[in-house]
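To start, the structure under review is shown below, and the notes come after it.
The values are calculated or read from the model by the stated rules, or taken from the named source; none is laboratory data. None of these values were measured; they are calculated from a predicted model. Note: ideal-geometry Cβ built from the backbone for every residue, glycine included; neighbour counts use all protein chains shown. Accessible surface areas use protein heavy atoms only, side chains included; no ligands, DNA or RNA. Shrake-Rupley method; radii C 1.70, N 1.55, O 1.52, S 1.80 Å.
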Amino acid sequence: MTASPPPATPPSPPPTTAEDLRGVGLRVTAARVALLETVRAGDHLGVEALASGVRDRVGHISLQAVYEALHALTAAGLVRRIEPAGSPARFEGRVGDNHHHLVCRKCGAVKDVDCTVGHPPCLDPVDDAGYLIDEADITFWGLCPTCRTASA
């Protein structure tokens, strides 16, 4: 009779938002948790939309407090700030990879697009001028499907 293999260890659950904050040395507050969860649930949201989402979760929070928390989350690498030309800053929870963005010239919609090579950086300059390149930030501009249909 052969012994059965030991039961497989179930995968550990993903870290909670609070654990993510602690993991980068940030104090866990209701506002930071709400903000990080709002960023992660959103789609390249601006500060006003994020503030509204945080207020829906925790009640009153000043716009200044949202800006300060966004700065801390961005500096800690939990949030990525993008600034398409002519648009206010937007924030996303997709960090740690080298993806790029598609931006609609008409409505300003932003979508992620993966790097064509798959490893950072996916573009190499002809002359790096002595820099150690670790990221390429590319924005593709055009019309989203909704705006294309509306202008046809």
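Observations, loosely collected:
- If both residues of a DSSP beta bridge must be in segment 1-151, then about 65% of such bridges are antiparallel.
- Cα centroid of segment 12-32 to Cα centroid of segment 128-152, whole Å: 31 Å
- Global form of the chain, assessed from the alpha-carbon gyration tensor, a/c cut-off 1.5: oblate
- FRET efficiency for ASP137 and SER52, using Cβ-Cβ distance with R0 set to 22 Å, rounded to 0.05: 0.20
- Total formal charge among the other residues, if their Cβ is under 12 angstrom from that of LEU78, Lys/Arg +1 and Asp/Glu -1: +2
- Highest-MSF residue in the chain out of PRO88, PRO15, PRO125 [GNM, Cα springs under 10 Å]: PRO125
- With all protein chains in place and a 1.4 Å probe, the accessible surface of the chain carries 56 percent carbon and sulfur.
- The chain - accessible surface per residue (Å², probe 1.4 Å): 65 Å²
- Other-chain or far-sequence residues with amide H under 5 Å of CYS122's (modelled H): ALA136
- Of the residues VAL39, VAL103, VAL24, the one that moves most in a GNM of the chain with alpha-carbon contacts below 10 Å is VAL24.
- Residues whose amide H falls under 5 Å from that of LEU143, counting only those 5 or more places apart or on a different chain, are ARG105, with hydrogens built in the peptide plane.
- Legend: helices of the chain (whole DSSP H runs) are marked when their alpha-carbon atoms reach 20 angstrom or more along the helix axis and their mean Kyte-Doolittle hydropathy is at least -1.0; nothing is marked.
- The chain, helix-only ellipticity at 222 nm - DSSP H runs n ≥ 4, -39,500 (n - 2.57), divided by all residues, nearest 500: -9500 deg cm²/dmol
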